[in-house]
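Peer 1: Below: one structure in structure tokens.
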Amino acid sequence: MPATALTASALLLDMDGTLVNSDAVVERCWRRWALKHGLDPEAALKVVHGRQGYATMAVLLPDRPVEENYADNRLMLAEETADVDGVVPIGGAAAFMAAIADLPHALVTSADSALATARMGAAALPMPAVRVTAEQVGASKPDPEGFLKGAAELGFGAADCIVFEDSEAGIAAGRAAGMRVVGVGPRAAALSPDAHVEDLTQVRVEAAGDGTIRLHINEA
């Protein structure tokens, strides 16, 4: 496999599909929602990853009032938060999180705080001290707001940050923020991130003496 070396001052981490495999829950909940609204579940699952629920609903039901999407999203978040069956860490996530524990990093997720806490806990992964959740942004990925807020909270510019993402919406958000992107997992493979790995076992983290973070990536 080709090896890639990237350097950064801070890392911005998506959660679902990047640190945590929650596909089983996502598929259960969104299949039920799609069927309830007379939609093809397979078509729905093609757009659900990476976005906040209301944004997915707006894509799938473009003529529905936004207030109904927000109301449905609150119900969806409660349902997903209560269901952690099958939520597991992405391969290598525990070691990766241990390696960056003392380095600048933030969680930037489309989940709200309760859902993020539930899924990180179910996967037995530490919650980063700095996190940007759904409550803290006005626009869902692919809007770059979340990543820009994460960088600002850590005190670094966009060019100094590397994003870890799995979804089309998330990778687009990272690019729109002016950041480099490491794509994680099968959804990211066709999206031309700066580097791509199947999981986090292919990433080795090195803290350089000058305070920068070096990522040694064995690409998929």
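Peer 1: Identify the single condition in (1) in contact (Cβ under 8 Å) with a residue 40 or more places away in the chain; (2) open to solvent by 10 Å² or more (accessible area, probe 1.4 Å) that Gly170 does not satisfy, given that it satisfies every other one.
Peer 2: (2)
Peer 1: If you don't mind, there's one more thing I want to ask. So which residues in region 112-132 are assigned to a loop (DSSP other than H, G, I, E, B) and in contact (Cβ under 8 Å) with a residue 12 or more places away in the chain, if there are any at all?
Peer 2: Step one: filter region 112-132 for residues assigned to a loop (DSSP other than H, G, I, E, B), giving 112, 123-130.
Answer for region 112-132, where residues must be assigned to a loop (DSSP other than H, G, I, E, B) and in contact (Cβ under 8 Å) with a residue 12 or more places away in the chain: Asp112, Ala123, Ala124, Leu125, Pro126, Met127, Pro128, Val130.
Peer 1: Anything in region 37-68 that is assigned to a loop (DSSP other than H, G, I, E, B), under 21 Å from Val20 (Cα atoms) and open to solvent by 40 Å² or more (accessible area, probe 1.4 Å)? List them, or say none. Write out each step before concluding.
Peer 2: Filtering region 37-68 down to residues assigned to a loop (DSSP other than H, G, I, E, B) leaves 37-40, 49-52, 61-65.
From the residues that got through so far, the ones that are under 21 Å from Val20 (Cα atoms) too are 49-52.
Hit for region 37-68 is Arg51, nothing else.
Peer 1: All but one of (1) open to solvent by less than 40 Å² (accessible area, probe 1.4 Å); (2) at pLDDT below 95 hold for Ala116, so report the exception by its number.
Peer 2: Every condition holds for Ala116 apart from (2).
Peer 1: Let me ask you something else. Would you be able to say whether some residue in region 186-204 is of a type outside the set (A, V, I, L, M, F, W, C), in a loop (DSSP other than H, G, I, E, B) and under 21 Å from Gly53 (Cα atoms)?
Peer 2: Of all residues in region 186-204, those of a type outside the set (A, V, I, L, M, F, W, C) come to 186-187, 192-194, 196, 198-199, 201-202, 204.
Still in the list and also in a loop (DSSP other than H, G, I, E, B): 192-194, 198-199.
Narrowing further to those that are under 21 Å from Gly53 (Cα atoms): none.
Within region 186-204, not a single residue is of a type outside the set (A, V, I, L, M, F, W, C), in a loop (DSSP other than H, G, I, E, B) and under 21 Å from Gly53 (Cα atoms).
Peer 1: Six or more apart or on different chains, Cβ atoms under 9 Å: show the pairs whose first residue is in region 76-104 and under 22 Å from Pro186 (Cα atoms) and part of a helix (DSSP H, G or I) and whose second is among the aromatic types (Phe, Trp, Tyr) and open to solvent by 40 Å² or more (accessible area, probe 1.4 Å).
Peer 2: none
Peer 1: Yes or no: Ala93 within 30 Å of Arg214 (Cα to Cα), crowded, with 19+ Cβ neighbours inside 10 Å and under 21 Å from the mean Cα position of the chain (by Cα)?
Peer 2: On the way: within 30 Å of Arg214 (Cα to Cα): yes; crowded, with 19+ Cβ neighbours inside 10 Å: yes; under 21 Å from the mean Cα position of the chain (by Cα): yes.
Yes; evaluated as a whole, the condition is true for this residue.
Peer 1: Further question: Run down Glu153, Glu145, Glu165, Glu135 and say which single residue is of a type in the set (Asp, Glu) and closer than 12 Å to Thr18 by Cα. It would help to see each step written out before you state the result.
Peer 2: Values: Glu153 fails: closer than 12 Å to Thr18 by Cα; Glu145 fails: closer than 12 Å to Thr18 by Cα; Glu135 fails: closer than 12 Å to Thr18 by Cα.
So the residue among Glu153, Glu145, Glu165, Glu135 that is of a type in the set (Asp, Glu) and closer than 12 Å to Thr18 by Cα is Glu165.
Peer 1: Can you work out which of the residues in region 1-36 that are buried (at least 17 other Cβ atoms within 10 Å of the Cβ) and acidic (Asp, Glu) is farthest from Ala134 (Cα to Cα)?
Peer 2: Result: Asp23.
Peer 1: Still on this structure, I have one more. Answer yes if at least one residue in region 198-220 is at pLDDT below 95, in contact with an Asp or Glu (Cβ under 6 Å, 6 or more places away or on another chain) and open to solvent by 20 Å² or more (accessible area, probe 1.4 Å), and no otherwise.
Peer 2: yes
The values are calculated or read from the model by the stated rules, or taken from the named source; none is laboratory data. Since the model is a prediction, treat every value here as computed from it, not as a measurement. No Cβ is skipped: glycine too gets one built from the backbone with ideal geometry, and neighbour counts run over all protein chains shown. All accessible areas refer to the heavy atoms of the entire protein, side chains included, with ligands and DNA or RNA removed. Shrake-Rupley method; radii C 1.70, N 1.55, O 1.52, S 1.80 Å.
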